[in-house]
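Chemist: Pasting a structure here, questions to come.
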Amino acid sequence: KKLVFATNNQHKTEEIRLALNGQYEVLNLEDIGCFTDIPETADTFEGNATLKSSYVAEHYHLDCFADDSGLEIEALNNEPGVYSARYSGSRDSLENINLVLAKLEGISNRKARFKTVISLMQNGKNHLFEGVINGTIRTELSGAKGFGYDPIFQPDGYTITFAEMDMVEKNKISHRALALQKMMVFLK
Ligand code: ITT
């Protein structure tokens, strides 16, 4: 069985492919020949996930799901949130991480959470699934795996960051994996 995943983010594709290993073949935007930068103009994860999934449904007549996700930091009024991918103005992860660390300098409340909302567009209907993981923001980077803010995010109950986990371990607990599990239950 095939599923179209409306993303340009290769790391997201790899995580989803590993999680669905054997159950579904996952095609991303590149695989279906879509090279448009789909506008993400909404101010919620739900809104942006739906913009991505409905773009593919409308233009390619395919059922499809999309993931909009980000990091919410309590002491920064839940920033970067939907602006996570370009918080510093650039998509460069290191620049975005450095901006977060600078804004949190001297702040003792390090609480944060990663959130994913998946929009599944099936037969013209939108189904939303959410996943959240709570954690804290480190004062320095640690680890080289994963992507985005993984080197500074330590999930609650762990002493290592997401970037120090291999993908199998991250996929057991991550926001993305939790949202995906809910979608899988729905699809069964
Ligand atoms: P698509 O829209 O093409 O799927 P994107 O990278 O632009 O890819 P988003 O708009 O959902 O995706 O932005 C999510 C950003 O949040 C992402 O670029 C990272 O900076 C951060 N992020 C999301 N999930 C993450 C994770 O599991 N680990 C680290 N950072 C994550």
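The values are calculated or read from the model by the stated rules, or taken from the named source; none is laboratory data. Every value quoted in this text rests on a predicted model; they were computed, and no experiment measured them. Cβ atoms come from the backbone with ideal geometry, glycine included; neighbour counts cover every protein chain shown.
Chemist: Could you identify the single residue in Lys52, Lys12 that is closer than 23 Å to Met167 by Cα, within 10 Å of the ligand (Cβ to nearest atom), at pLDDT 95 or above and of a type in the set (Lys, Arg)?
Modeler: Lys12
Chemist: Is the range 148-166 home to any residue that is touching a residue at least 60 places away in the same chain (Cβ under 8 Å) and surrounded by fewer than 18 Cβ atoms within 10 Å (Cβ to Cβ)? Give the steps one after another, and end with the answer.
Modeler: Here is the first cut: in the range 148-166, the residues touching a residue at least 60 places away in the same chain (Cβ under 8 Å) are 148-149, 153.
Filter once more, keeping what is surrounded by fewer than 18 Cβ atoms within 10 Å (Cβ to Cβ): none.
No, because not a single residue in the range 148-166 is touching a residue at least 60 places away in the same chain (Cβ under 8 Å) and surrounded by fewer than 18 Cβ atoms within 10 Å (Cβ to Cβ).
Chemist: Out of the residues in the range 34-49 that are touching an Asp or Glu at 6+ places or on another chain (Cβ under 9 Å) and away from the ligand (no atom under 11 Å from the Cβ), state the one that is farthest from Val132 (Cα to Cα). Full working, then the answer.
Modeler: First, the residues of the range 34-49 that are touching an Asp or Glu at 6+ places or on another chain (Cβ under 9 Å): 40, 42, 44-49.
Pick out the ones that are also away from the ligand (no atom under 11 Å from the Cβ) and you get 44, 46-47.
Numbers: Thr44: 15, Glu46: 13, Gly47: 17 Å.
Looking at the filtered set, the residue picked out is Gly47.
Chemist: Of the numbered conditions (1) over 24 Å from Gly146 (Cβ atoms); (2) touching a residue at least 24 places away in the same chain (Cβ under 8 Å); (3) of a type outside the set (Ser, Thr, Tyr), Pro39 fails exactly one; give the number of that condition.
Modeler: So the condition that Pro39 fails would be (2).
Chemist: Might you let me know whether the range 106-114 holds any residue that is surrounded by fewer than 15 Cβ atoms within 10 Å (Cβ to Cβ), of a type in the set (S, T, N, Q) and in contact (Cβ under 8 Å) with a residue 24 or more places away in the chain?
Modeler: yes
Chemist: Tell me which residues, restricted to the range 78-113, are polar (S, T, N, Q), under 26 Å from Gly131 (Cβ atoms) and in a loop (DSSP other than H, G, I, E, B).
Modeler: Within the range 78-113, Asn78, Ser88, Asn109 meet the criteria.
Chemist: Checking Leu180 against (1) among the aliphatic types (A, V, I, L, M); (2) touching a strand residue (DSSP E or B) at 6+ places or on another chain (Cβ under 9 Å); (3) away from the ligand (no atom under 12 Å from the Cβ), which single condition isn't satisfied?
Modeler: (3)
Chemist: Residue check: is Ala163 touching a Pro at 6+ places or on another chain (Cβ under 8 Å), within 18 Å of Gln10 (Cα to Cα) and either within 11 Å of the ligand (Cβ to nearest atom) or not in a loop (DSSP other than H, G, I, E, B) (or both)?
Modeler: Yes, satisfied.
Chemist: Okay, moving on. Among the residues of the range 125-147, which ones are within 15 Å of the chain's Cα centre (by Cα), on the phi < 0 side of the Ramachandran plot and crowded, with 20+ Cβ neighbours inside 10 Å?
Modeler: Hits for the range 125-147 are Phe129, Gly131, Ile133.
Chemist: Scanning the range 42-75 for residues that are within 28 Å of Ala144 (Cα to Cα) and surrounded by fewer than 19 Cβ atoms within 10 Å (Cβ to Cβ), which turns out nearest to the chain's Cα centre (by Cα)?
Modeler: By that ranking, first place goes to Glu74.
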